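Computed from the coordinates by the stated procedures, all read-outs in this text should not be read as laboratory data. Small disclaimer: the values here were computed from a predicted structure and weren't measured. Positions of Cβ are backbone-derived with ideal geometry, glycine not excepted, and every protein chain shown enters the neighbour counts.
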Amino acid sequence: MKNVFLTLLFLGFCFSLSAQNDPKVGDELVIKAQNGTSYNHIKFPKLNMLVKRGKLANYKSVHGNTVVIDEVVTDKNDNTYVVLKKKDGSKFFGFLSKVKANYEKSIASGEMAPQM
């Protein structure tokens, strides 16, 4: 009986870990600071495009922003992309209402993290 209980407990724990990797509409994430000069897996505009629109050429305005998953898209290569919008309803850099991101790669690289 003890072995059955431990087996069920272990299977429940494994199932709960695998369920956390699937993005759902409405999940909240936090955008973290990038390692280099640009984000590799979140499709923010390039710095020169920000300058042309009269903004500062940096991504500091999005560090620490809480975003909500608006749409989940899986392509034919089993890559999961999410469409993100800000939780407070404002726009990214004053002109983008939504951005697209590769979910698995951005989480793995530390560009985004689930909100605790």
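Observations, loosely collected:
- At q = 0.11, 0.22 Å⁻¹, base-10 log of I(q)/I(0) for the chain (Debye sum, equal scatterers on each alpha carbon): -0.44, -1.26
- The chain - mean residue ellipticity at 222 nm from DSSP helices (-39,500 (n - 2.57) per run, n ≥ 4, rounded to 500): -8000 deg cm²/dmol
- Residues SER61, SER109, SER90, sorted so that the one with the fewest Cβ neighbours within 10 Å comes first: SER90, SER61, SER109
- Angle between the chain longest axis and helix 2-19 axis [Cα atoms, degrees, rounded to 10]: 10 degrees
- Whole-Hz Karplus values for the stretch 67-78 come out as 10, 10, 6, 9, 7, 10, 10, 10, 8, 5, 8, 6 Hz, taken residue by residue from phi with 6.51 cos²θ - 1.76 cosθ + 1.60 and θ = phi - 60°; glycine and proline positions read x.
- Charge tally in the Cβ shell below 15 Å around THR80, where Lys, Arg are +1 and Asp, Glu are -1, THR80 excluded: -3
- Under-5 Å amide H pairs with ASP27, H placed in peptide plane, nonlocal only: ILE69
- The phi-based Karplus calculation (6.51 cos²θ - 1.76 cosθ + 1.60; θ = phi - 60°) puts the 3J(HN,Hα) values of the stretch 97-112 at 8, 9, 10, 10, 8, 7, 5, 5, 5, 6, 5, 5, 7, x, 6, 10 Hz, whole numbers, x for Gly and Pro.
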